[in-house]
Amino acid sequence: MKYRTITVAISLILLSASTASAGIYTIAPHISISEEYTDNRNMTDTNQIEEYTTTISPGINQSIVTKRVSMNLDYTAGYVQYNETDADPIWNHNATLDFRADLSKHTQLSIADSFTRTDQPLRTTAYNIIGYVQIGDRLIPVADTTLLRGRKQYDTNSAFAALTRQFGEQDSFSLHYSHNYIKELESEFGVDNQQHTSGIDLTYWLTPQFGVNLSARYTLGEIENSDDYSDGKGEITLRRKLTRHFSMNLSYDQTFHRYNRDIHRDYDLYKSSVGFSYNIDKSSSLTLGGGYFYQEMKETGNDDEGPFADISIRKSWTSERSSVNLSGNAGLSTNNFGSENLGLNRNYGFAMGANYKITKRMDININTAFSRHVYLELDDLTWNRGMAGFGLRFTPWQWLSISASYSFIILDSTRETDDYEENTAMLSISIFPGTYRNNY
């Protein structure tokens, strides 16, 4: 599957070159060498093992920008040597692709693909990307919030394509399709899931102050060593602009979830919510709302219902020498795809990152994050994750960067076997030979 990304990338490069009369092609190679220490290799509370790893990571970034087409491809390989245990050396890979083409003045084609082969588990609240969702003209990544432990190598790939037509100043129609998979390589009975999702989105403003958003999607999920499923969702959102930056939202959505064999897990989910959005500029946004949900189990009668919060906050500050980014969220979501399939959950979280330029060539960063997931279908299984860390980077020359970092991660769960703490430290040296540009 990893060669799919490369094949798509080559095809898009050729398409970009053939459809554009003039543009800029850039290529930027890079390589890094890093030494990492962890005091809990297996990420467990009972079998903690120290590990030192050395990783050599060559990579390359390529981009093409023309009047109608833009394409960016980044690939990095990683040769990993374990220095403390007897594990064999491995190769990790990471490739990302972003392609956009203006087929006409008001029609755009978007393609994104992200492939990862890694032995690095889920450590922070910056989760592994396992999919994409089209919201208006934005491509939003979907993350795996479940657990991948230890140093078992696995693959993830997320491919997405969307065709968007703009037929008014704020009106648009979009068709999209995504294919996502996650596969554990070292175990016959490990994680091996994939899903196919197709959908449509329509945004239409009846008046300058009153608009409606309609969306529908259908998903087929294939789960190794478990039951396959189908999932359909429809949603309608009414928006009322009160001022240039302030609007009210009223939303209703309905989801049906069906398994191929285990009908006792089938359910319908109904959600309604109301709230407001406040968007000052690109660096600041606020959504506050809440609603009520009802989950109807089709066979068992173990229905569930209750209120939920719908909150999203984002704010950033920048100056000549520093930047600060804050974000927070609360909501209700379902997790049917990932390293574990845990169903309906309430989730809350916040994150903060700050960077300060000590000198022209040296900067320091600090970051912290917390998330809480309460899985309602599993006797209120709760995960509390916390992370804090800092890093220092020194760039003596434009082509050389030296960095050191430390982080602390903790997971506290009502399922005691999930609990762990981990300290990690890393020293890394990166070389950037230069960026080569060519006008054609």
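The values are calculated or read from the model by the stated rules, or taken from the named source; none is laboratory data. None of these values were measured; they are calculated from a predicted model. Reconstructed Cβ throughout: ideal geometry from the backbone, glycine too, with neighbour counts over all protein chains shown. Only protein heavy atoms, including side chains, enter the accessible area calculation; ligands, DNA and RNA are left aside. Shrake-Rupley method; radii C 1.70, N 1.55, O 1.52, S 1.80 Å.
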For region 154-208, give me the residue count where each residue is of a type in the set (A, V, I, L, M), surrounded by fewer than 16 Cβ atoms within 10 Å (Cβ to Cβ) and at pLDDT below 85.
1
When ARG393 is evaluated against the numbered criteria (1) free of Cβ contacts under 8 Å to residues at least 60 places away in the same chain; (2) surrounded by fewer than 18 Cβ atoms within 10 Å (Cβ to Cβ); (3) of a type in the set (Lys, Arg); (4) more than 30 Å from MET297 (Cβ to Cβ), which criterion, by number, is the only one it fails?
(2)
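Could you tell me whether region 335-353 includes any residue that is among the hydroxyl-bearing types (Ser, Thr, Tyr), surrounded by fewer than 19 Cβ atoms within 10 Å (Cβ to Cβ) and at pLDDT 85 or above?
Checking region 335-353: at least one residue is among the hydroxyl-bearing types (Ser, Thr, Tyr), surrounded by fewer than 19 Cβ atoms within 10 Å (Cβ to Cβ) and at pLDDT 85 or above.
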So which of ILE56, ILE64 is β-branched (Val, Ile, Thr) and surrounded by fewer than 17 Cβ atoms within 10 Å (Cβ to Cβ)?
ILE56
Residue selected from region 103-114 under the condition assigned to a strand (DSSP E or B) and touching a Phe, Trp or Tyr at 6+ places or on another chain (Cβ under 9 Å), by the criterion modelled with the lowest pLDDT:
SER114
Is region 355-365 home to any residue that is touching a helix residue (DSSP H, G or I) at 6+ places or on another chain (Cβ under 7 Å) and either outside any loop (DSSP other than H, G, I, E, B) or not small (Gly, Ala, Ser) (or both)?
no
Within region 271-289, is there a residue that is over 25 Å from ARG239 (Cα atoms), open to solvent by 50 Å² or more (accessible area, probe 1.4 Å) and not aliphatic (A, V, I, L, M)?
no
When every residue in region 420-440 that is among the charged types (D, E, K, R) and open to solvent by 80 Å² or more (accessible area, probe 1.4 Å) is compared, the one nearest to ALA28 (Cα to Cα) is ARG437
Could you list, in sequence order, the residues of region 26-53 that are assigned to a strand (DSSP E or B) and open to solvent by 60 Å² or more (accessible area, probe 1.4 Å)?
ILE31, ILE33, GLU35, TYR52
Pairs under 6 Å by beta carbon, first residue touching a residue at least 24 places away in the same chain (Cβ under 8 Å) and within 12 Å of ASN249 (Cβ to Cβ) in region 279-291, partner of a type in the set (Asp, Glu) and part of a strand (DSSP E or B), six or more apart or different chains?
GLY289/ASP310
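Under the condition of being aliphatic (A, V, I, L, M) and surrounded by 15 or more Cβ atoms within 10 Å (Cβ to Cβ), which residue from region 250-270 is nearest to the chain's Cα centre (by Cα)?
Only one residue tops the list, namely LEU269.
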Exactly one of (1) charged (D, E, K, R); (2) closer than 30 Å to ASN438 by Cα; (3) outside any strand (DSSP E or B) is unmet by ASP74. Its number?
(3)
Counting only residues that are open to solvent by 70 Å² or more (accessible area, probe 1.4 Å) and part of a strand (DSSP E or B), region 300-325 contains a total of 7
Residue list for region 74-118, filter: open to solvent by less than 60 Å² (accessible area, probe 1.4 Å), under 24 Å from the mean Cα position of the chain (by Cα) and among the hydroxyl-bearing types (Ser, Thr, Tyr):
THR76, THR96, SER110, SER114, THR116, THR118
Is it fair to say SER16 is modelled with pLDDT under 75 and in a loop (DSSP other than H, G, I, E, B)?
no
